[in-house]
Each structure stands twice: as structure tokens, then as C-alpha cells.
Amino acid sequence: MPTDADNSLTYRQQQVFDREQSAHNGQADFQVPKTSVLLQAGWEHLGRSFENNTLPYIRSGTERYTLGTSFDLFKGFLSTKLDYNFLVQQNLSSNAYSRKWGIALKTHSRRYPSVGISYKPFSTFRSVSDTLSVPQRPVQGEVWTVRSSYQIKRHKIIHRFTALWNRNKSTADTVQYVSATLQLGYVLSLPKFSMNASLGRIDQPADYVSGDGTMSSYTAMLGVQQPIGKQWNVNLSPSVAWTDW
């Protein structure tokens with residue numbers, strides 16, 4: 001007599017790997033023996049049908065290749081990093097290419113001011129309107145950053161000077177966003193007293209829709225801290241901000 005196994009039907013589901021609906025990311029590093037030279041290579045693939053709503057923008061159909069190296073010069077006084085970025089974006093009928101270099105330089109010294117310069121052609125940042133209002137998706141673009149600091153110590157008195165300049169730029173289709181920040185700081189440290197002061201300027205688009213025009217705002221802050229006894233500290237830090245308009 002026939003059994004239930006003979007009458008049963010077998011359902012099979014075959015899953016085929018689709019490269020156009022997936023994303024891949026790989027990186028390889030190699031440290032050159034007995035040197036400070038580090039070689040890096042990376043590859044990133046996003047298929048044409050790949051979807052991820054958390055990305056800054058739709059990056060489907062994008063290939064990115066990176067080659068980089070980092071090394072020290074002048075007995076470790078200067079750290080250098082270079083990387084080459086090759087971006088390929090595919091659409092319905094053609095391919096678009098973008099080639100850009102990235103760089104990062106930083107000095108290490110107790111005698112001279114410390115300076116760092118970096119340029120990242122494909123990076124993410126947040127616009128000033130989003131940061132001060134409602135945080136939304138980060139913006140994709142190029143980022144310039146320059147930092148400098150210097151410390152002077154005389155007996156028990158410490159003077160520290162800092163400077164920061166940052167510029168962000170993003171161009172998507174016909175919309176362009178550019179913002180820049182400049183900040184200067186000073187810190188005075190004594191055994192029983194400390195003071196810090198800062199000045200800043202922020203340049204941002206006057207029209208966030210078109211990116212046209214520039215609107216500048218300024219900030220100033222002066223803070224003091226004085227200990228009272230062994231368990232109490234008094235901290236006073238008034239600040240003020242104003243704009244061109």
C-alpha cells in the first residue's frame with residue numbers, strides 16, 4: 001500500500017546571490033618591516049538595487065577604491081598620511097568617475113606648537129541648521145580641518161593656546177552647502193585658580209534651500225574657576241553670541 005511519504009510533495013526554495021542587491025566592504029593593511037610605513041588598500045561596493053535608508057544619500061550603484069600610506073618623518077616629528085580615492089557611480093546609461101587625494105599631516109613636539117592639517121574628500125558632517133535644531137541625516141562632502149595648540153609651562157603657571165579652523169562643503173546635483181568655523185582659545189592654569197577664554201566665528205549659508213549667500217555669527221566666552229576650601233569650586237562662564245543681521 002502507498003505510504004504518506006510517497007504521496008507528499010517536496011517544496012524547494014533556491015536563493016541566488018545577487019551582487020546588484022548587496023553591499024561589500026574590504027580593507028587590507030600591511031606594515032613594512034622595520035619602518036613606520038603602513039600601506040592600506042580598500043574596496044567598497046554598493047549594488048544598483050541596494051537600499052539603505054540610513055545613508056546620507058542614495059549610494060546605490062557605487063564603487064569606491066582607496067589606496068593609502070602613512071609614515072613618520074624627522075624622527076617622529078611629523079606624521080603623514082596620504083590616500084587616493086577613486087569613485088565610480090553607475091546610472092541607467094553611463095558611468096561617472098571622481099578621483100581625489102586625501103591628506104593628513106600632524107606634528108609632535110613639546111618645544112614647538114603642535115599643528116595638524118587634514119583633508120577628507122569623501123566624508124560626512126552635519127549642517128549647522130541640523131546640529132542646532134533637529135539632528136537629521138549627515139551630509140556627504142569634503143572636509144578641511146586645521147588644528148594647532150601650544151603650551152607654555154613656567155614653574156606652576158601653565159598657558160595653553162588653541163586654534164581650530166574647519167570647512168565643510170557638499171555638492172549634490174544643483175544644491176551646494178558650504179560652512180566654516182574658526183575658534184581661538186586660551187587657558188590659564190594656576191595652583192588655585194584657572195581661567196579660559198574663547199572667540200569663534202561660524203559662516204553658514206543664508207538660504208539652506210539653494211545654498212546661496214553667507215550668514216556669519218560670532219561667539220565669545222570667558223570662564224573662571226576658583227576653589228573654596230577643599231571640597232567646593234566656584235565656576236563662572238558667561239558667554240555671548242551675535243550675528244551680522
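The values are calculated or read from the model by the stated rules, or taken from the named source; none is laboratory data. This one's a predicted model, so the numbers in the text were calculated from it and none came from an experiment. Positions of Cβ are generated from backbone atoms using ideal geometry, with glycine treated the same way; all protein chains shown enter the neighbour counts. Only protein heavy atoms, including side chains, enter the accessible area calculation; ligands, DNA and RNA are left aside. Shrake-Rupley method; radii C 1.70, N 1.55, O 1.52, S 1.80 Å.
Tell me which trypsin sites (Lys or Arg not before Pro) from the range 139-187 have a DSSP coil assignment and no more than 13 other beta carbons within 10 Å of their own.
Details: sites: ARG147, LYS153, ARG154, LYS156, ARG160, ARG167, LYS169; in loops: LYS156.
Here the trypsin sites (Lys or Arg not before Pro) that fit, given the DSSP loop and packing criteria, are LYS156.
Do the alpha carbons of any pairs in LYS75/LYS156; LYS169/LYS192; LYS81/LYS156 sit beyond 32 Å of each other, and which pairs?
Working: LYS75/LYS156 30 Å; LYS169/LYS192 44 Å; LYS81/LYS156 37 Å.
Flagged as over cut-off: LYS169/LYS192; LYS81/LYS156.
Say each of TYR97 and ILE157 gets a label point 7 Å from the Cα, pointing the same way as Cα to Cβ; how far apart are those two points in nm?
6.1 nm
Could you check how much of the accessible area of the range 177-241 is carbon and sulfur, as a whole percent, using a 1.4 Å probe? All intermediate terms of the calculation are to be shown ahead of the outcome.
Values: 2640 of 4240 Å².
That fraction is 62 percent.
Over the range 188-245, what is the mean sequence separation of C-alpha contacts under 8 Å (at least six apart), divided by residue count, expressed as relative contact order in percent?
Details: 102 pairs, mean separation 18.3, N = 58.
Rounded, it is 31 percent for the range 188-245.
Measure off 7 Å from each Cα along the Cα-to-Cβ vector at ALA220 and TRP144, then give the distance between these two points in nanometres to one decimal.
2.7 nm
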